[in-house]
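First the structure, in the form of structure tokens, and then the observations on it.
Here, each number is a calculation from the coordinates, and none is a lab measurement. Remember, it's a predicted structure, so these values are computed and weren't measured experimentally. Cβ sites come from the backbone with ideal geometry, for glycine too, and all protein chains shown count toward neighbours.
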Amino acid sequence: MTFSQIITLVDTLARFHLKGEARQYLLGYLWWIMEPLLYVAVFYIVFEKLLQNRQPEFLYFLMVGKLTFIWFSKSINQAANSLEANKGLMAQLNLRKEIPALAVIQQGFYRQFVVFGFLLCFLVLNGYAVTAVWWWLIPLILIQALLTIGAGLLAALLVCVQLDFRLLIQLGTVFLLFMSGIFWDLNAIADEGVRHWLMVLNPLATLIDAYRQVLMLGAAPNVDSLGWVLAESLLLLFLALFAYHHLQYWIARKVVSR
Amino acid sequence: MTPLVRLEAVSMRFATESNPEHAVFGDINLSISAGERVALIGRNGSGKSTLLRVMARIFAPSAGAVHWAPGVSVSMLSLGLGFRPDLTGRDNAMLSCLLLGLTRKEAKASVEQIAAFCEIGTFFDEPVRTYSAGMRARLGFGSALMNRSQVILIDETLSVGDTFFRDKARAALQKELTEDRAVVLVTHAEAQIKSLCTSAVFLGEGAVISAGDPRAVLSEYAAHYSEATGS
């Protein structure tokens, strides 16, 4: 299979899966927007109404954080199961083992495209000005895409090694939810050293903070921090591609014989 | 004639829960040339499917070597490859063609051929979950025929649909098996082996027990297990 055939296959698998999934539900494609918004609603009720959160403009703050986080967490959890879910295909076909995870991640890109469109419209309609700084969204989205691909491919591989990793990955994304400043502001951490290391060790925290800088404050994100995230994302991606390149046969045997 | 695929002292071991070095088969030597139609016979668990997967580059052998002729394509002929019940027959046919390595343009053209071949009318644009078993099998067979590989490996029954469609499917498969292609077929249907295959390989107890003329191998197979069961 040529590179272009792989891209066509990944994209077609993603689009067809989304189409099949939408057919199962009465509200079909509306769930692309409704599911993340329901998460936002739950967090909003708990933190703003019940716990009396004092974060200014909390709804927008939460929406930017949660809607970008869900893109990552959902893609990783679905990618983690992708090799097992395609066991039948692996038994019948010499398929590049990256394809199932990439197809799942591509589904997430399509969903997130709509979610981002909704988020930007919502912010503009609520008085946030569109400025030239919004161009920063393009590199931010690209870096998050690289991070998602690298982490998603590795998650699928780990679950292939041992099914227990599926539970650990689910738990890990919940841990990240609390450590990425979704419903609290990372800049509220008084100790600068702690804040620095939190952002270095958790690229999602830096990305979410950068989205807020751009969309809510109209300010360019910290380029040094983004550079780190880019380097970490590329490292994950390189590690994943290296591992898949050397483990194509091993993955097939492991998945098919399980 | 240069073989399309040649297996040289191929062995396969799997780790199972009770045995980390379970030997499926060992020291298999086999070569498949263009125009050959080889029947692979043996009891359940003898390693027939695993051997096909080694030939199809799905598994690497634990020991030995597999040599493929330069540029040769080898793949399993699978009914319903990657089918998803919520997608229409048309979408599933398209997906199956792309999985078989066709380009988007080739796949689009092939989808129309599949529609004409499987004769399911307007159901082709309905979700596959609404199909009867026979309609699903027709769609699966029609899609599988788009496999353009030079070496085709068949690991499942090809008796699909009603008598009329079975005859049509058999004729279509015969037409596809041109002299430049080869087939390895896992089957126990004696009539199919005698009418379709040019040779047979009997796999048992982790090794090739006999190989050659299909009728002689079938007799050997029957004798081997009647001796083993004492009947």
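Among the residues of the range A:209-224, is there at least one that is among the charged types (D, E, K, R), on the phi < 0 side of the Ramachandran plot and within 14 Å of chain B (Cβ to nearest Cβ)?
Step one: of the range A:209-224, the residues among the charged types (D, E, K, R) are A:209, A:212, A:224.
This time we only want the ones that are on the phi < 0 side of the Ramachandran plot, so: A:209, A:212, A:224.
Next, from what is left, pick out any that are within 14 Å of chain B (Cβ to nearest Cβ): none.
Checking the range A:209-224: not a single residue is among the charged types (D, E, K, R), on the phi < 0 side of the Ramachandran plot and within 14 Å of chain B (Cβ to nearest Cβ).
Can you tell me which residue is nearest to residue B:204 (Cα to Cα) among those in the range B:44-59 that are more than 12 Å from the chain's Cα centre (by Cα) and at the interface with another protein chain (Cβ under 8 Å from one of its Cβ atoms)?
The qualifying residue nearest to residue B:204 (Cα to Cα) is B:59.
Go through the range A:1-31 and give me each residue that's assigned to a helix (DSSP H, G or I) and touching a Phe, Trp or Tyr at 6+ places or on another chain (Cβ under 8 Å).
Within the range A:1-31, the first condition is being assigned to a helix (DSSP H, G or I), and the residues that meet it are A:3-24, A:28-31.
Residues satisfying the conditions are A:14, A:15, A:18, A:22, A:31.
State the number of residues belonging to the range B:13-50 that are of a type in the set (D, E, K, R) and touching a helix residue (DSSP H, G or I) at 6+ places or on another chain (Cβ under 7 Å). Give the derivation first.
So in the range B:13-50, the residues of a type in the set (D, E, K, R) come out as B:13, B:17, B:21, B:27, B:36-37, B:43, B:48.
Still in the list and also touching a helix residue (DSSP H, G or I) at 6+ places or on another chain (Cβ under 7 Å): B:37.
Residues in the range B:13-50 being of a type in the set (D, E, K, R) and touching a helix residue (DSSP H, G or I) at 6+ places or on another chain (Cβ under 7 Å): 1 in total.
Here is a check on your reading of the model: is residue A:255 in a helix (DSSP H, G or I), away from chain B (no Cβ under 14 Å) and aliphatic (A, V, I, L, M)?
No.
How many residues does the range B:108-135 hold that are without any contact (Cβ under 8 Å) to a residue 24 or more places away in the chain and within 14 Å of chain A (Cβ to nearest Cβ)?
Total satisfying the criteria: 3.
Which condition number does residue B:66 fail, the rest of (1) closer than 24 Å to residue A:248 by Cβ; (2) out of contact with any Leu (no Cβ under 6 Å at 6 or more places or on another chain); (3) within 14 Å of chain A (Cβ to nearest Cβ) being met?
With (1) closer than 24 Å to residue A:248 by Cβ; (2) out of contact with any Leu (no Cβ under 6 Å at 6 or more places or on another chain); (3) within 14 Å of chain A (Cβ to nearest Cβ) applied to residue B:66, the lone miss is (2).
I'd like to verify a number: residues in the range A:203-250 that are β-branched (Val, Ile, Thr) and over 18 Å from residue A:76 (Cβ atoms), how many?
Matching residues across the range A:203-250 total 2.
Could you list all residues from the range B:76-96 that are more than 7 Å from every other protein chain (Cβ to nearest Cβ) and within 14 Å of residue A:92 (Cα to Cα)?
B:77, B:79, B:80, B:83, B:96
Can you give me the number of residues within the range A:98-125 that are of a type in the set (Val, Ile, Thr) and over 14 Å from residue A:80 (Cα atoms)?
From the range A:98-125, those of a type in the set (Val, Ile, Thr) are A:99, A:104-105, A:114-115, A:124; that's our starting set.
Checking the rest, the ones that are also over 14 Å from residue A:80 (Cα atoms) come to A:114-115, A:124.
Summing the residues that are of a type in the set (Val, Ile, Thr) and over 14 Å from residue A:80 (Cα atoms) in the range A:98-125 gives 3.
Let me spell it out: the conditions are (1) buried (at least 16 other Cβ atoms within 10 Å of the Cβ); (2) within 16 Å of residue B:48 (Cβ to Cβ), and residue B:196 meets all of them except one. Which number is the exception?
(2)
For the list (1) within 14 Å of another protein chain (Cβ to nearest Cβ); (2) more than 22 Å from the chain's Cα centre (by Cα); (3) without any contact (Cβ under 8 Å) to a residue 24 or more places away in the chain, I need the number of the one condition that residue A:90 fails.
Result: residue A:90 fails condition (3) only.
Taking the range A:1-36 as the search range and keeping residues that are among the aliphatic types (A, V, I, L, M) and in contact (Cβ under 8 Å) with a residue 24 or more places away in the chain, which one is farthest from the other protein chains (Cβ to nearest Cβ)?
Selected residue: A:33.
Is it the case that the range A:36-50 has a residue that's small (Gly, Ala, Ser) and either within 30 Å of residue B:77 (Cα to Cα) or in contact with a strand residue (DSSP E or B) (Cβ under 9 Å, 6 or more places away or on another chain) (or both)? Even if it seems obvious, please write down each step before you answer.
As a first pass, look at the range A:36-50 and keep what is small (Gly, Ala, Ser): A:41.
With either within 30 Å of residue B:77 (Cα to Cα) or in contact with a strand residue (DSSP E or B) (Cβ under 9 Å, 6 or more places away or on another chain) (or both) added as a condition, the list becomes none.
Taking every residue of the range A:36-50 in turn, none turns out to be small (Gly, Ala, Ser) and either within 30 Å of residue B:77 (Cα to Cα) or in contact with a strand residue (DSSP E or B) (Cβ under 9 Å, 6 or more places away or on another chain) (or both).
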